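The values are calculated or read from the model by the stated rules, or taken from the named source; none is laboratory data. For clarity, every value in this text was computed on a predicted model and none was experimentally measured. Neighbour counts run over all protein chains shown; Cβ positions are idealised from the backbone, glycine included. Each accessible area value is taken on the protein alone, full model and side chains, heavy atoms only, with ligands, DNA and RNA left out. Shrake-Rupley method; radii C 1.70, N 1.55, O 1.52, S 1.80 Å.
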Amino acid sequence: MRPFIFSKSSALSQALSKKNNTTQFIAGGTNLVDLMKKNIAQPESLVDITTVLPDKITTNTKSIQIGAMVRNTAITNNATVKAKYPLLAKAILAGASPQIRNMASTGGNLLQRTRCPYFYDITTPCNKRKPGTGCSAMQGQNRMNAIVGYSDQCVAVHPSDMCVALAALDATVTLTTKNNKQENIAFTNFHRLPENLPERDNNLPANALIHSISINENPFNKNYAYVKLRDRDSYAFALVSVAAALQLSGNTIVQARLASGGVAHKPWRWTEAEQYLKGKAATATTFSEAATMITKGLKPLSHNGFKVPLLHGAVETALQNCLVASQ
Amino acid sequence: MGFFDEPYDFVAPPDDGRVEGIYKVTGKGKYSAEYKVDNICYAVMVGSTVAAGSIKSFNLSNAKQVAGVLDIITHQHKPVVPGLADEAKIASARFGLPVFHTDKIYFKGQPIALVIAETLEDATYAASLVEAQYDTESFAVDFDKAQAAVALTATGKERGTMDAWSNAPFKVEAEYNIKAEVHHPMEMHATIAEWTATDKLKLYDKNQGVNNVQRTFARLFAIPEKNIEVISEYVGGGFGSGLRIWPHALAAIMAAKQVNRPVKLMLTRPQMFYSVGYRPASWQKVQLGANAEGKLLGILHQSKNGTSKYENFNEGITRVTRLIYNFENLKTEAAVVALNLSTPTWMRGPGDCTGDFAVESAIDEISYQLKMDPVALRLKNIATEKNPETGLPWSTNFLNECIAKGAAMINWQDRKPLPMQDINGDWSTGYGMAVGMWNAGRGNASAAIEMKKDGSITVQTAMTDIGTGTGTSMQNIAHDVTGISKTKIKIELGNSNLPAAPSQGGSNGLSSISGAVVAVSNLLKQKLAEYAATENEVYKNAKPTDILLSDTGISFQTANNQFVSYTSIWDKSKLTVLEVEASSGPGAERQQYSFCSSAAHFCKLKVNRKTGKVKIEKMVAVADGGKIVSEKAAANQMSGAAVGGIGMALLEEMTTDERLGGLVGDDLAGYHFAVNADAPIIDVAFIGKPDPNINPTGSKGLGEVGIIGVAAAISNAIYNATGKRLRDLPITPDKVLGW
Ligand SMILES: Cc1cc2nc3c(=O)[nH]c(=O)nc-3n(C[C@H](O)[C@H](O)[C@H](O)COP(=O)(O)OP(=O)(O)OC[C@H]3O[C@@H](n4cnc5c(N)ncnc54)[C@H](O)[C@@H]3O)c2cc1C
Ligand code: SF4
């Protein structure tokens, strides 16, 4: 790890003014410190943002706002989240470990970097870490990598669980730009696909901060599920995950939300399947059809073909679990 | 227990607790990297970035500019290590990797430079700035690809003939592949090396045998063994990784020599993947035949395991095949496959764990052909009378009892004889079982007792306690033999200045040290009787078995106990500390009997048709470990091993990249061993019958049999649930899908 200067700030504006290309913000540090230890991130100075960003959850009649410094654990303990946005809590609890969730911030969770093993190994080529060097995963050990939305530059996946729920719930990200202006960006547009710029994970402007996340009230707090399939039962990243939520009228699906982690460079929404489910009866056959629709056009890599049937099973299971989740 | 570098208060553990438990849970117990040594500096190893070739040159200028850097060792710049001074010496030293004594690169990550600096931070940063240029060569790291080209050779004596069972009516022929696994004890390996004089060395080192460390470095540095003190009082797990002396320990000693200061070197978790061995990847093929009555007629067991390019490590995969069953016809073949990886080593249940998976899977498979219950099939074929390899009668072998007991504990009668007969929604339930066995060994060990006037004793040995409960067992044995209450028995171990003992490994630890503790406890009784005889004639020629020690004095075990207090003995004989030392080891019994520990493993699990998820619901492990000296520690060994077995069966895999030539992924987020969520509470039971011949306590080791058989029990249960026979480990969801 390269030596660095660490500073705290008394105000948001001060933190922003310290930020430049050789500076990095640090929140919980659960990802950034690892990246520094592995010489992937080598900031000359770290600006601690734990005291300058909101760490509260506020609600009004129509929505909930989660400050960027709210710890992952705090979200899962919040009464309003549990009552009105339980899918979010469920997804968070499927991730990492209690210790990490206690440290991890909301903003940091969005900005955590891929777990592609080559990205973490500076002796190997990686376009995301060092643009132009090539993608080791493309023909290497890509069991954990993408099956949709990748480019010939990068096949990494976004590792977050929380973000899958945020994508499913159509959250909004509020940013504070370098010149201290607030901007909103739809969550589904926050992360990006690798295309020809694999080094860019998201559309956050340079030197900007995530200020908070908001979610509008929605009818998805009764029939929802988060299914995370992984090699080990806890403390492992997803092979595939599915956030599913249904608004039901009797046995008829009024609206559906389906999103996945572990499949793409960004939390992935299955909008076609959502459309398909609208108005259908909530039956195993319908669910299976939706899963088939989702898995039809996927293009797995050399070692992750299994993710296609796995995703099929995960979608079916998640939709099925929506019918019992409210109990 | 306490610490060797500062005074401490002896805190007696709770009644059934571990002697070191309180020190561990309060954070006071010191692991090797935690000792404070004056004037210490830090060393960090730099690994090769290529998998094969040789070092052309270094650029150290950036690294040397880091403030605090004291020196950088390379093969071109190093202190003299007499035992590695030239090629011939390197060859005869059998140290393994001649670290910093060669320009050759055998694997990616191989230490090529060692940065020594004032602080760990300085050293770590400077290490990242060391640059090397290489002449690269072609390499092979993918075991599965490389093994096909390697020819097998016979290993062990053939029994009967292959022809004798070529017409067997029931036959299984199948191949099995297991990925390499890494030990990853919680405590990373670390060494603090201090040259206290030019020919005197003090080491705080994580290992499983201090005398082994002492011997190795005495040879390499050409100094007397007694000039080396090795302290390893707390060892945070080993699983076999501490049975060898690895390059990093030598590196720390070289660094201390180079800068003439104490040096600490602690491996990072990423370095743990390639610095202290691992269970090698393996391929096996088994052919098995049975007659219609379920008698196993013969077996051909072939195996290959990975090794490095600089050492041949043969895991001994087919050894267990020769042990458990009465195979009249048996042939075993083996080979090693040299790869550009570091050398593998023993890992819990070495060899046997691997071989047992294949054989126990094949036996399960043939049981379905025979339409015979796998329990009945095993009971019919296990060699209960004598060791089929040596022909010697077993001293004790209660494997059949383990099986019967385990079957009852898991409700084996609920198992459906055919697969996929117990389905509920997307889940299908299955039962599986397998057995394991391990040669029960014993080595020569010594122990000492120091006794004070207040009746307190300290029992001492050089043997380490790697978390197995050795210290607690020593306390229990000393208490049983002497009668002194446990609160007055202190244990000191893991220091080479204490009486010599073998390394703790191969399930030999307790079997070896228990004899010494019994011997020294009896010697203490005898010595005290001799002193008592100066006060009371009746103690003349009293046998240790006749007398009893209490917290305050010596007496006979009879009604007229003739009590003599320690106070009067100490006063009269002007004693300060009474010291006794004794040794004990195996003898002629080894020519008369064979010795084994054994276990039966049972598993009930369910498998999800849609997600490939395997959920283990119940696991039962019943072991014959002779007399159980410390029930809690023994059960802990068994359940820990079973959880390790779950890792082997379902999770653990060291991944390599055949194009880039190294390991892929080097953290515990990606290398999965079982966590609580993956493992049920393991139901453990013991047969508990002492082996009357093995050692004075009748106890046999449990470390290995706890894991041998677990993986097969799990995969056999998966077959029972799904009808899918999975022969490649680990069984991750992708392999389970599609039944
Ligand atoms: C072993 C392990 C297992 C894990 N398993 C899972 C899992 O299963 N599922 C899962 O979802 N996650 C998992 N995580 C990831 C974890 O959720 C993230 O590390 C965490 O959310 C990051 O938050 P942080 O506050 O610690 O971020 P930091 O490490 O502090 O920061 C991460 C990045 O975000 C930037 N940043 C942080 N906050 C802001 C802000 N407000 N504005 C602008 N930039 C900001 C930092 O500059 C840095 O670049 C795991 C992590 C570890 C170490
Ligand atoms: S997939 Fe992306 S992160 Fe992984 S090696 Fe390729 S470029 Fe790097």
Once both label points are put 7 Å beyond Cα along the C-beta direction, the residue A:102-residue B:225 separation in nm becomes 4.7 nm
Reduced to Cα centres, the span from the range A:156-209 to the range B:521-538 in Å works out to 82 Å
Quick note, the range B:246-399: a/c under 1.5 would make it rounded; otherwise a/b > b/c is prolate and the rest oblate (a ≥ b ≥ c, C-alpha gyration tensor); here it is prolate
For A:6, B:100, the accessible-area ranking with a 1.4 Å probe, largest leading, is A:6, B:100
With all protein chains present and a 1.4 Å probe, the order of B:269, A:2 from largest accessible area down is A:2, B:269
Rounded to the nearest 10 Å², the 1.4 Å probe accessible area of residue A:30 is 60 Å²
Regression test value, accessible area per residue of the range A:1-47, probe 1.4 Å, units Å², expected 49 Å²
Note, the range B:332-349: 3J(HN,Hα) by Karplus (6.51, -1.76, 1.60, θ = phi - 60°), whole Hz, Gly/Pro = x, goes 10, 9, 8, 7, 10, 10, 6, 10, 7, 9, 5, 6, x, 8, 5, 9, 2, x
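In what sequence, largest accessible area first, do B:36, A:62, B:525 appear using a 1.4 Å probe?
Result of the area sort, largest leading: B:36, A:62, B:525.
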Ignoring ligands and nucleic acids, residue B:25 exposes an accessible area, probe 1.4 Å, in Å² to the nearest 10, of 130 Å²
Probe 1.4 Å, heavy atoms of protein chains only: per residue, the accessible area of the range A:218-327 in Å² is 36 Å²
Taking R0 as 56 Å and r as the Cβ-Cβ distance between residue B:118 and residue A:63, the FRET efficiency 1/(1 + (r/R0)^6), rounded to the nearest 0.05, comes to 0.55
Rounded to 0.05, the calculated FRET efficiency for the beta carbons of residue B:591 and residue B:92 at R₀ = 35 Å is 0.60
Those residues in the range A:127-169 that give up at least 30 Å² of accessible surface, probe 1.4 Å, once the partner protein chains are present instead of the chain by itself are A:139, A:141, A:143
Subtracting the Cα-Cα distance of residue A:170 and residue A:55 from 0.36 nm times their residue separation yields 39.3 nm
Where a ≥ b ≥ c are root eigenvalues of the Cα gyration tensor, a/c under 1.5 meaning rounded, otherwise prolate if a/b exceeds b/c and oblate otherwise, chain B counts as oblate
Amide H neighbours of residue B:201 at under 5 Å, excluding residues fewer than 5 places away on the same chain, with H built from the backbone geometry, are B:196, B:228, B:229
Under the 7 Å Cα-to-Cβ spin-label approximation, residue A:42 and residue A:130 lie apart by a distance in nanometres of 1.0 nm
Computed ³J(HN,Hα) along the range B:308-319: with the Karplus parameters 6.51/-1.76/1.60, θ = phi - 60°, integer Hz and x for glycine or proline, the list is 9, 7, 10, 8, 9, 10, 9, 6, x, 5, 8, 4
For the range B:442-585, averaging the sequence separation of alpha carbon pairs under 8 Å that lie six or more residues apart and dividing by its residue count, the contact order in percent is 35 percent
Ordered by number, the residues of the range B:648-688 with at least 40 Å² less accessible area in the assembly than alone (1.4 Å probe) are B:659, B:660, B:664, B:669, B:672, B:675
Per its Cα gyration tensor (rounded if a/c is under 1.5, else prolate when a/b beats b/c, else oblate), the range B:351-488 is best filed as prolate
Computed for B with A: buried accessible area summed over both chains, 1.4 Å probe, rounded to 100 Å², at 2600 Å²
For chain A, the charge dipole (Cβ of Lys, Arg +1; Cβ of Asp, Glu -1; about the Cα centre) points to a positive end, and the Cα of A:25, A:98, A:311 closest to that extreme belongs to A:25
Highest mean packing first, using Cβ neighbours within 10 angstrom, the peptides B:351-360, B:633-642, A:278-287 sort as B:351-360, B:633-642, A:278-287
Per-residue ellipticity at 222 nm attributable to helices in the protein assembly as shown (runs of n ≥ 4 DSSP H, -39500 (n - 2.57) apiece, nearest 500 deg cm²/dmol) works out to -7500 deg cm²/dmol
One would report the antiparallel percent of DSSP beta bridges in the protein assembly as shown, rounded to the nearest 5, as 80 percent
Note to self: with every protein chain in place and a 1.4 Å probe, the range B:134-291 gives an accessible area per residue in Å² of 36 Å²
For the range B:503-552, averaging the sequence separation of alpha carbon pairs under 8 Å that lie six or more residues apart and dividing by its residue count, the contact order in percent is 30 percent
Taking Cα pairs closer than 8 Å and at least 6 residues apart, the relative contact order of the range A:75-151 in percent is 14 percent
With label points set 7 Å from each Cα along the Cα-to-Cβ direction at residue A:251 and residue B:615, the distance between them in nm comes to 2.5 nm
Magnitude of the Cβ-charge dipole (Lys and Arg +1, Asp and Glu -1) of chain A about the Cα centre, nearest 20 debye, reported as 360 debye
Under 14 Å by backbone N from the virtual spin label 7 Å along Cα-to-Cβ at residue B:198, the residues of the range B:219-250 are B:223
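State the percentage of accessible surface on chain B attributable to carbon and sulfur atoms; use a 1.4 Å probe and exclude ligands, DNA and RNA.
Numbers: 12960 of 26240 Å².
For chain B, the apolar C and S fraction of the accessible surface comes to 49 percent.
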Rounded to the nearest 10, the angle in degrees between the Cα long axis of helix A:284-296 and the longest principal axis of the Cα atoms of chain A comes to 40 degrees
The distance between the Cα centres of the range B:58-118 and the range B:344-366, in whole Å, is 38 Å
Filtered hits (aspartates and glutamates, Cα-Cα < 12 Å from residue B:405, offset >= 8 within chain) -> B:624, B:683
In whole percent, the Cα-Cα distances of the range B:487-606 spread across 10 Å bins from 0 upward as 10, 32, 26, 19, 9, 3, 1, 0
In whole percent, the fraction of accessible protein surface over the range A:224-325 that belongs to carbon or sulfur atoms, probe radius 1.4 Å, stands at 50 percent
Reported to the nearest 10 Å², residue B:681 has, with a 1.4 Å probe, an accessible area equal to 140 Å²
